[in-house]
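K.L.:
If you scroll down you'll find the structure; I have some questions about it.
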Amino acid sequence: MDLRTDIEQRLKHKPILLMTHLVLGYPSLGVNREVIRAMAENGVDCIELQIPFSEPMADGPVILRANQDALKQGIRVEDCFRFAGEIIREFPGVNFLFMTYYNIIFRYGEEAFLRRAAEIGMRGFIVPDLPPEEGETYLRISRELGTAPIMFFTPTSTPERMRKVAELGDGFIYCVARKGVTGKQTEIDETLADHLARYREATDLPLAVGFGISSRKDVALLEGKADMAVIGTATIRLVDEQGAGAVGPFIASLTRS
Amino acid sequence: MNQTQAKKGYFGNWGGAFIPEVLHQPFFQLNEAYRKIRADESFWQEYVDLMANYSCRPTPLTFAENLSNHFGGARIYIKREDLNHTGAHKANNVMGQGLLVKRMGKKRVIAETGAGQHGVATATMAARFGFDCTIYMGEEDVARQRPNVFWMEKLGATVVPVTDGARTLKDAINEAFRDWVTSMDETHYVFGTVCGPHPFPEMVAWFQSIIGREARDQILARHKALPAAVYACVGGGSNALGIFQGFMDDDVRLVGVEAGGKGTDTDQHASRMTGTRASAGVAQGYRTMFLQDDDGQMLDTHSIAAGLDYVGISPILAEMGESGRVDFAAATDDEVLKALELTMRAEGIIPALESSHAFVQAFKDAPNMGRDEAIIINMSGRGDKDIFTIAHAFDDPSWKKFIIDRADGYRKSSGG
Ligand SMILES: Cc1ncc(COP(=O)(O)O)c(C=O)c1O
């Protein structure tokens, strides 16, 4: 089953899905494993595994520092592949996606990277600095492999632009709730509802909404307007402040009504 | 330069626009605005008039008679970009983009800066045009370029020290992009060099081409012939491309000089085209040769000159290096100080540490050339404003004593 179909199946049983995010190697692969277990046991549908990059241009301070810290501890791309392979086997109920910047893929060799990721069971890729204009090879190989190249909708996207990128993407659309980098709080207000309505009109692909979601209240407000809530910086902060043990109850609280 | 572009924004294999989707629309608008000023013949004239009125253009081409005699080879000419307002070629790009911002109707400008030169130039332009201005600067550069920070603030800009990553130019660029993705409606990002996503390399090269246009006319008038070679230091590559563009189709050797730091055989330098530590990569919005490891993580760089201390190089220069049109060399920190000292003593001219890199290679080549041949060194900026850095680099004892006495004075008067 491809990622899009899997998401649509899950949506038959849940009002909204959850996607979480973590930076590989931060604070350690050991803690990453505990956090992923807690996420999987509490019903997370998709997990973004971010391969650290020294220049994470689209990330805010929390994820930026997590990238730097992981690199300082010596995490390598090879470690990320090995770890991801093990985790995917251990948690077959979760869809895993690699999130990283294009240089990591480019240096590894675009085709080799995508093939190896598909072989270990990776379902898709989120590459924020690779617009479709620069991603011809990436899009072609993803299509061949049946993995999902995730595209972005943003508050500045025009309707024509959204239709164009949606056609090239697969899996779901990563919807940016507001301008800016990761980690800032978003007011889930009228403007967001307007953006989401515009996004819905432009595609049939499921809509994942990210950037700044951190509570049950945020998630509840998205129900009916989006298909998947993306929790990024909030779990990294939580692990920093309270340790991996706090992740399970936090995730469970997001969908409990 | 357009003929080398197969795909939009590409120069051979290099360039492109690797930007987050949220910047797609702002870049579309920027490309449109840029296309309009290129098509509007009155724009270039407005730019030239502004630079004549505000920034001492055309800058002189100085014949360095004493240096020429000292080396006994080629006749050495120096293109005096140091005489621009704010003391470096950076003003050319910044004033050009200022005119563009006016046409786009935006009210705020942001910029990254390494040495602080581009930051000072941008703050100056913002003051003149009445824009709000925020400058991102790596914490390490803030520490080593304090006088420039002082001037930026006095000119009305907010200077934000960047504490992430290597705390130098590349980190300031990342931070400026983070500002821009939030503020693009009213803000223009004044990119400081011929790097970053399309259209910045091409647009900044166009503004800087004013150097080469002048230099070509000047050398023909003075020397009655083209120069044998033109030398320029290369950080991002804007002063180099600026002067090289005057001699693109001529039989003139173009030489770019990178930061050799403690030596290109060490890990403390910033040479992308010389040495073996750089490889093809994509970062900061464009594809070029980057100093990076096997995984694609950027490496720490070093140069005595903050303006050359950068991991990437212009995609346009990467292509010209690959095709053989531009030769690259590296100058070490030690060689740079020697060339600077000689130039001060022989000509009474004080090149910036960045610019002194170009002098190093010119001085190596000049003695082996004929007396009837001419070379041009592009002096991208002046060094006297870098008094703290240069005095420190020379480890000057009387300067140190002055600083210590001054600090003691401040301590007493603040009661500490
Ligand atoms: C005086 C001077 N020269 C050269 C440079 C390097 O930049 P570029 O290679 O873009 O000319 C700088 C950068 O700050 C500078 O201040």
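The values are calculated or read from the model by the stated rules, or taken from the named source; none is laboratory data. In this text, all values refer to a predicted model and were calculated from it rather than measured experimentally. Because the Cβ atoms are built from the backbone with ideal geometry, glycine has one as well, and the counts that use them run over all protein chains shown. The accessibility values were calculated without ligands, DNA or RNA, using every heavy atom of the protein model including side chains. Shrake-Rupley method; radii C 1.70, N 1.55, O 1.52, S 1.80 Å.
K.L.:
Among A:88-96, B:384-392, A:21-29, what's the highest-first ranking by average C-beta atoms within 10 angstrom per residue?
P.N.:
Result, highest mean first: A:21-29, B:384-392, A:88-96.
K.L.:
Quantify how strongly other chains surround peptide B:289-297 by giving the mean number of their Cβ atoms within 10 Å of each of its Cβ atoms.
P.N.:
6
K.L.:
Now for a different question. Only loop residues by DSSP count here, and only those with at most 14 other Cβ atoms within 10 Å; note down the GluC sites (Glu not before Pro) in segment B:169-214 that meet that. Spell out each step's value before the answer.
P.N.:
Values: sites: B:175, B:186, B:202, B:214; in loops: B:186.
Loop-located and lightly packed - B:186.
K.L.:
For segment B:195-214 and segment B:261-310, what is the centre-to-centre distance using only Cα atoms, to the nearest Å?
P.N.:
22 Å
K.L.:
Please give the FRET efficiency for residue B:222 paired with residue B:322, using the beta carbon to beta carbon distance and R0 = 35 Å, rounded to the nearest 0.05.
P.N.:
Rounded to the nearest 0.05, the efficiency is 0.60.
K.L.:
Given H placed 1.01 Å from N in the peptide plane, which residues other than close sequence neighbours of residue B:162 have an amide H under 5 Å from its amide H?
P.N.:
Those qualifying (amide H under 5 Å, at least 5 residues apart or on another chain) are B:137, B:138, B:139.
K.L.:
Next question. Taking every residue in A:75-86, how many Cβ atoms of other protein chains lie within 10 Å of its Cβ, on average?
P.N.:
That works out to 1 on average.
K.L.:
Find the relative contact order for chain B and round it to a whole percent, using C-alpha pairs within less than 8 Å whose residues are 6+ positions apart.
P.N.:
Once divided by the residue count of chain B, the mean separation gives 19 percent.
K.L.:
Shifting gears a bit: Bin all alpha-carbon pair distances of segment A:3-254 at 10 Å intervals from 0 and give each bin's fraction as a whole percent.
P.N.:
7, 34, 41, 18, 1
K.L.:
Turning to a different aspect of this structure: Roughly how big is the protein assembly as shown's charge dipole about its Cα centre, with Cβ charges of +1 (Lys, Arg) and -1 (Asp, Glu), in debye to the nearest 20?
P.N.:
About 980 debye.
K.L.:
With label points built 7 Å along Cα→Cβ from the Cα atoms of residue A:82 and residue B:127, find their separation and express it in nm.
P.N.:
Modelled inter-label distance: 5.7 nm.
K.L.:
Towards the positive end of the charge dipole of segment A:3-254, with charges on Cβ (+1 Lys, Arg; -1 Asp, Glu), say which of A:74, A:42, A:228 has the farthest Cα.
P.N.:
A:42
K.L.:
Once phi is turned into ³J(HN,Hα) by the Karplus curve 6.51 cos²θ - 1.76 cosθ + 1.60 with θ = phi - 60°, what whole-Hz value does each residue of segment B:275-290 show in order, with x for glycine and proline?
P.N.:
Coupling constants for segment B:275-290: x, 10, 8, 9, 8, 5, x, 10, 7, 6, x, 8, 9, 7, 7, 10 Hz.
K.L.:
Then there's this: Tell me which of B:390, B:379, B:349 sits at the most positive position along the dipole axis of segment B:348-416, charges placed on C-beta atoms (Lys, Arg +1; Asp, Glu -1).
P.N.:
B:390
K.L.:
Any chance you could look up the accessible area of residue B:206 with a 1.4 Å probe, heavy atoms only, rounded to 10 Å²?
P.N.:
So the heavy atoms of residue B:206 present about 30 Å² to solvent.
K.L.:
Roughly speaking, what is the centre-to-centre gap between segment B:372-416 and segment B:48-116 when only Cα atoms are used, to the nearest Å?
P.N.:
When both Cα centres are located, 22 Å separates them.
K.L.:
Given the options B:247, B:301, B:284, identify the residue whose Cα lies farthest towards the positive end of the charge dipole of segment B:242-355 (+1 on Cβ of Lys, Arg; -1 on Cβ of Asp, Glu).
P.N.:
About the Cα centre, the residue reaching furthest to the positive side is B:247.
K.L.:
Kindly provide the trypsin sites (Lys or Arg not before Pro) of segment B:293-367 that DSSP labels as loop, not H, G, I, E or B, and whose Cβ sees at most 16 other Cβ atoms within 10 Å.
P.N.:
B:325
K.L.:
If you scale each eigenvalue of the Cα gyration tensor by 5 and take the root, what three semi-axes come out for segment A:19-102, rounded to whole angstrom and sorted largest first?
P.N.:
Value: 21, 13, 11 Å, ordered largest first.
K.L.:
Shifting gears a bit: For residue A:226, what residues show an amide H to amide H distance below 5 Å, using hydrogens built from the backbone and excluding near sequence neighbours?
P.N.:
Counting only residues 5 or more places away or on other chains, the set is empty.
K.L.:
Which pairs in the list B:338/B:364; A:12/A:225; B:154/B:400 are over 20 Å apart, alpha-carbon to alpha-carbon?
P.N.:
Numbers: B:338/B:364 12 Å; A:12/A:225 15 Å; B:154/B:400 26 Å.
Where the Cα-Cα span goes over 20 Å, the pairs concerned are B:154/B:400.
K.L.:
Can you return the lysines within cross-link range of residue B:36? Criterion is Cα-Cα under 24 Å, with same-chain partners fewer than 8 residues away left out.
P.N.:
Answer for residue B:36, where 24 Å is the Cα cut-off: B:7, B:8, B:90, B:102, B:106, B:107, listed by chain and number.
K.L.:
For residue A:73, what is the net charge nearby, where nearby means another residue's Cβ is under 13 Å from its Cβ and Lys, Arg count +1, Asp, Glu -1?
P.N.:
+1
K.L.:
Counting only other residues whose beta carbon sits under 11 Å from that of residue A:244, what net charge do I get with K and R as +1, D and E as -1?
P.N.:
Spelling it out: positives minus negatives among the neighbours equals 0.
K.L.:
Also: Which lysines, if any, have their Cα less than 19 Å from the Cα of residue A:72, not counting same-chain residues under 8 positions apart?
P.N.:
Straight-distance partners of residue A:72: B:170.
K.L.:
Using a probe radius of 1.4 Å on protein heavy atoms only, what is the accessible area buried between chains B and A, both sides summed, to the nearest 100 Å²?
P.N.:
The buried area between B and A, both sides summed, comes to about 3200 Å².
K.L.:
Which net charge results when you count Lys and Arg as +1 and Asp and Glu as -1 among the other residues whose beta-carbon is under 10 Å from that of residue A:103?
P.N.:
Net of charged neighbours comes to -1.
K.L.:
Distance from the Cα centre of segment A:87-163 to that of segment A:1-65, in angstrom?
P.N.:
One Cα centre to the other: 14 Å.
K.L.:
Now, a different point. Heavy-atom accessible area per residue, chain A, 1.4 Å probe: how many Å²? Working shown, then result.
P.N.:
Details: 9820 Å² over 257 residues.
I get 38 Å² per residue for this part.
K.L.:
Mind ordering B:267-280, B:91-104 by average Cβ neighbours within 10 Å, highest first?
P.N.:
B:91-104, B:267-280
K.L.:
Mind checking the dipole of segment B:309-366: about its Cα centre, +1 per Lys or Arg Cβ, -1 per Asp or Glu Cβ, Debye to the nearest 20?
P.N.:
160 debye
K.L.:
Set the Förster radius R0 to 56 Å, insert the Cβ-Cβ distance between residue B:43 and residue B:65 as r into 1/(1 + (r/R0)^6), and round the FRET efficiency to 0.05.
P.N.:
About 0.90, to the nearest 0.05.
K.L.:
Suppose a student asked you for the relative contact order of chain A, using Cα pairs under 8 Å spaced at least 6 residues apart; what percent would you report? Write out the running numbers ahead of the final one.
P.N.:
Details: 444 pairs, mean separation 60.6, N = 257.
The normalised contact order for chain A reaches 24 percent.
K.L.:
Moving to a separate point now. Kindly write out, for segment B:167-180 in residue order, the coupling ³J(HN,Hα) from the Karplus curve 6.51 cos²θ - 1.76 cosθ + 1.60 (θ = phi - 60°), rounded to whole Hz, with x marking Gly and Pro.
P.N.:
For segment B:167-180, the Karplus-derived couplings read 6, 10, 4, 4, 6, 5, 5, 4, 5, 5, 4, 5, 5, 5 Hz, x marking Gly and Pro.
K.L.:
In chain B, if every C-alpha pair distance is counted and binned at 20 Å from zero, what percent goes to each bin?
P.N.:
So the P(r) values, bin by bin, are 28, 60, 12, 0.
K.L.:
Something else now. Placing unit charges on C-beta atoms (Lys and Arg positive, Asp and Glu negative, everything else neutral), compute the dipole magnitude of segment B:1-107 about its Cα centre in debye, rounded to 20.
P.N.:
Dipole about the Cα centre, nearest 20: 240 debye.
K.L.:
Check residue A:99: other-chain or 5+ apart residues with amide H under 5 Å from its amide H, H built from backbone geometry?
P.N.:
Amide H neighbours of residue A:99, under 5 Å, 5+ apart: A:49, A:50, A:51, A:126.
K.L.:
Enumerate the whole-percent occupancy of each 20 Å bin, from 0 to the last occupied one, for all C-alpha pair distances of the protein assembly as shown.
P.N.:
Final binned percentages: 18, 48, 27, 6, 0.
K.L.:
Okay, next question. How much mean residue ellipticity at 222 nm does chain A get from its helices, if each DSSP H run of length 4 or more adds -39500 (n - 2.57) and you divide by all residues, to the nearest 500 deg cm²/dmol?
P.N.:
Computed ellipticity for chain A at 222 nm equals -14500 deg cm²/dmol.
K.L.:
For segment A:119-136, just list the computed ³J(HN,Hα) in residue order, Karplus coefficients 6.51, -1.76 and 1.60, θ = phi - 60°, integers in Hz, with x standing in for Gly and Pro.
P.N.:
Working through the residues one at a time gives 4, 7, x, 5, 9, x, 9, 10, 10, x, 9, 10, x, x, 4, 9, x, 4 Hz.
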